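The values are calculated or read from the model by the stated rules, or taken from the named source; none is laboratory data. Note that the coordinates shown come from a computational prediction; the quantities given were computed from them, not determined experimentally. Here the Cβ positions follow ideal geometry from the backbone for every residue, glycine too, while neighbour counts run over all protein chains shown. Accessible surface areas use protein heavy atoms only, side chains included; no ligands, DNA or RNA. Shrake-Rupley method; radii C 1.70, N 1.55, O 1.52, S 1.80 Å.
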Amino acid sequence: MKVQGKLWSGILAGCMVLSTVLAGCSSNADKSETSKPAESAKSDTAKSSGKSLTVLVEGGSPANTVATQTAEEFKQKTGYEVKIETVPYIGVYDKLNVEMKANSGAYDVATIDILWFPALAKNLVAMDDLMTDEVKNDFVPNVVDGGKVNGKILGMPVWTNSKILLYRTDLFNDPKEQDAFKAKYGYDLKPPTNWQQYRDVAKFFTRDTNNDGATDLYGTGVLGMNNGDSVASWLDHAAQAGAKPLVVGKDNKALVNSAPYVKALEFETKILREDKSAPEGALNMASSEISEMFWNGKMAMMLEWAHFFVPSNDPAKSKVAGKVGAAPMIAGESGVGVVPGPWYQVIPSTSKKQDIAKQYVKFIYEKNELFMKALGVAARKSVFDKYGQKPEYAHLKALETTLAASQTQNRPILPHWNEIENEALVSAIQVALSGKETPQEALNRAAAKINEIQGK
């Protein structure tokens, strides 16, 4: 999932706005060198135009950091110079899309958001040969399947992420707060594990702390900005309410106006409009805005991307450093569930250096630990296990638990996902959160729009 650019160095994603229509392209795989053995760098060198490999990444991202850190070592191992091209988030997709149509072989490897697989799949090289049982078994749940299209593995995971619960331990562990909460709600104050507890705790901590007549501490936040972050958050709750599969059924007809999706949007709307335990400006808030409020001590808890735990405990970035805990995502009536936000390395089928590109992908797989250091999340279980023992990575256990939950599931693989998200789902969420329509009314319109886009 996309992380807003200003947060890459300080913390994702979490926004996923695509500015172009994601449409599939015709395959040029039959013109590439797919028949050569992946381990033969020398034969690849002889047929390539030069001993270099061009890697496309988002500028300022963990992918850029790791590519830069490892370029010299890869050159020493293989003789290939790694040329790194950086572009803004959506530029990665745009560049790949143009390149695949031109068949110029400009890029040999790229790091992409899971959202782009449906549109790019026809022009990506399968990596099933790299995915031995040993490799697959070392990945956290759901991440391998996220890069699989039509039964073929098209991406090597580099990191995965999801929203979890981050909360202020100084507030939750305060005996006075604990006594007051129990007196009001009849049970002990603790990190909430379900929707009702979450609403109770959020209402309890929403207050005017300096008696100036204005709320200056909110219990939580609601993601309502006009981008994919709000969709991901709402789908988390829909999964918790029992949505499975997500968004559309096997017949590709919309499911978003059915009970789980409506309950999820009602849940968010009640927190914002009925309980008033989230800032009123929710329609202008995504992960960056909410996390900044939390870091500035103006929010008691947030359901946010797990890697936000790291800067939350950095004194240079957070006023609540050392006072932040992490817990798994809350559960609805069907249990814990989220929509993960993984990223992958892929090889365009237009690359003229697919052998050495596969060697590079395997090389970066071995360096997965560097993504943990750069971002605070990775993709391999072994890396999670190693870093999860350290206090500064205490969020990893909560993230692993959340990713392994029964209702956790990837977004549907739909070629028109960009249109569905931007033209149907975002507007429905915003209309409901603003109170202009009920969640049911807003999602009825969204369902009709999705069916129109899908040709149903």
Taking residue 413 as the residue in question, decide whether it is over 24 Å from residue 167 (Cα atoms), under 22 Å from the mean Cα position of the chain (by Cα) and surrounded by fewer than 19 Cβ atoms within 10 Å (Cβ to Cβ). yes
In region 146-162, residues that are assigned to a loop (DSSP other than H, G, I, E, B) and touching a Leu at 6+ places or on another chain (Cβ under 8 Å) total 6
The number of residues in region 309-320 that are farther than 10 Å from residue 377 by Cβ and buried (at least 19 other Cβ atoms within 10 Å of the Cβ) is 5
When every residue in region 286-304 that is touching a helix residue (DSSP H, G or I) at 6+ places or on another chain (Cβ under 6 Å) and over 18 Å from residue 205 (Cβ atoms) is compared, the one surrounded by the most Cβ atoms within 10 Å (Cβ to Cβ) is 287
Residues in region 359-389 that are in a helix (DSSP H, G or I) and open to solvent by less than 30 Å² (accessible area, probe 1.4 Å) total 11
Review point. Taking the stated definitions as given, is residue 354 more than 17 Å from the chain's Cα centre (by Cα), within 23 Å of residue 69 (Cα to Cα) and open to solvent by less than 10 Å² (accessible area, probe 1.4 Å)?
Key: yes
Every listed condition ((1) open to solvent by less than 60 Å² (accessible area, probe 1.4 Å); (2) in contact with a Phe, Trp or Tyr (Cβ under 9 Å, 6 or more places away or on another chain); (3) assigned to a helix (DSSP H, G or I)) holds for residue 392 save (1)
Condition set more than 17 Å from residue 339 (Cα to Cα) and aromatic (Phe, Trp, Tyr), scope region 200-240, selection least open to solvent (accessible area, probe 1.4 Å): answer is 205
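Per-residue answers, yes or no, for (1) more than 30 Å from residue 110 (Cβ to Cβ); (2) at pLDDT below 95:
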position: 142; (1), (2): no, yes
position: 163; (1), (2): no, no
position: 186; (1), (2): yes, no
position: 199; (1), (2): yes, no
Within region 395-419, the residues that are modelled with pLDDT of 95 or more, of a type in the set (A, V, I, L, M, F, W, C) and either over 17 Å from residue 141 (Cα atoms) or assigned to a helix (DSSP H, G or I) (or both) are 396, 398, 399, 403
If we keep only residues of region 321-330 that are open to solvent by 20 Å² or more (accessible area, probe 1.4 Å) and in contact with a Lys or Arg (Cβ under 9 Å, 6 or more places away or on another chain), then the residue nearest to residue 376 (Cα to Cα) is 326
Residues of region 155-199 being open to solvent by 10 Å² or more (accessible area, probe 1.4 Å), among the charged types (D, E, K, R) and within 27 Å of the chain's Cα centre (by Cα), in sequence order, are 168, 190, 199
Here, helices (runs of 4 or more DSSP H) confined to region 57-145 with at least 2 residues that are open to solvent by less than 70 Å² (accessible area, probe 1.4 Å) are 62-78, 89-102, 117-120
